[in-house]
Amino acid sequence: MVQQAALLSPERIVSEFQKNGVTHVITIPDSETNYLYELMKEQPWLDVISSCREGETMAIAMGLSIAGKTPVCLIQNTGMMESGDSIRGMALGSGLPLVMVVGYRGWTRHGITPDSAAVYTEPFLNAFGIHYYLVEHDADGDRISLAFQEAKATNKPVVVLIGDEYHGFNR
């Protein structure tokens with residue numbers, strides 16, 4: 001019997017977004033997450049906004065949040081680290097809930113992490129005092145809802161680290 005690897009499907013992420021009332025996803029489209037991007041664009045209840053830089057996603061999200069919408073920033077860990085000042089000044093400084101879904105580029109569960117982007121991701125989040133949930137496959141999908149609940153309860157940003165971004169997202 002061949003056992004299929006447990007993957008995180010774009011459908012599970014979109015389902016969690018809908019369950020939590022997400023109205024907008026602010027992102028930088030890329031080839032690695034193409035299927036997720038295309039799936040989000042097909043949803044009539046969801047607006048996908050492209051930005052030029054990851055740091056801009058926080059400002060757009062904060063404006064939408066003030067307008068009563070439920071935005072999500074969908075970025076990669078490298079861009080998240082480059083966005084430190086936007087995270088400090090807007091995401092942490094606004095006192096508004098925000099869920100950031102962050103691709104955990106370079107991360108492996110095997111303890112061998114050749115990509116420094118993965119090496120610094122969790123220390124970066126810890127330095128900013130941002131709580132995070134690791135999501136690797138569909139069975140972890142409920143952690144996305146936990147992140148939304150925590151963000152609303154604390155009025156702070158919460159990160160969902162996507163540890164399997166390159167398997168199911170580009171079909």
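Of note:
- Least to most buried among Val99, Val158, Val14 (fewest other Cβ within 10 Å first): Val14, Val158, Val99
- Each other residue within a Cβ distance under 12 Å of Gly129 adds +1 if Lys or Arg and -1 if Asp or Glu, for a net charge of +2.
- Correct option for Rg and Dmax of the Cα atoms in Å [calculated from the coordinates] among (1) 15.0, 53; (2) 17.0, 62; (3) 17.1, 54: (1)
- Nitroxide proxy distance, nm - points 7 Å out along Cα→Cβ at Glu38 and Gln18: 1.9
- For region 3-43, GluC sites (Glu not before Pro) are listed when DSSP marks them as loop and at most 16 other Cβ atoms sit within 10 Å of their Cβ; the list is Glu42.
- Inter-label distance for Ala127 and Gln149, nm, one decimal - labels placed 7 Å from Cα along Cα-to-Cβ: 3.2
- DSSP bridge analysis restricted to region 24-117 gives an antiparallel fraction near 0%, rounded to the nearest 5.
- Nearby lysines by direct alpha-carbon distance to Lys41 (threshold 23 angstrom, same-chain neighbours under 8 apart not counted): Lys19, Lys69
Quick note: the coordinates plus some simple rules give every number you see, no bench work behind them. Values in this document were obtained by computation on a predicted structure and should not be read as measured data. Here the Cβ is made from the backbone with ideal geometry for all residues, glycine too, and neighbour counts use every protein chain on show.
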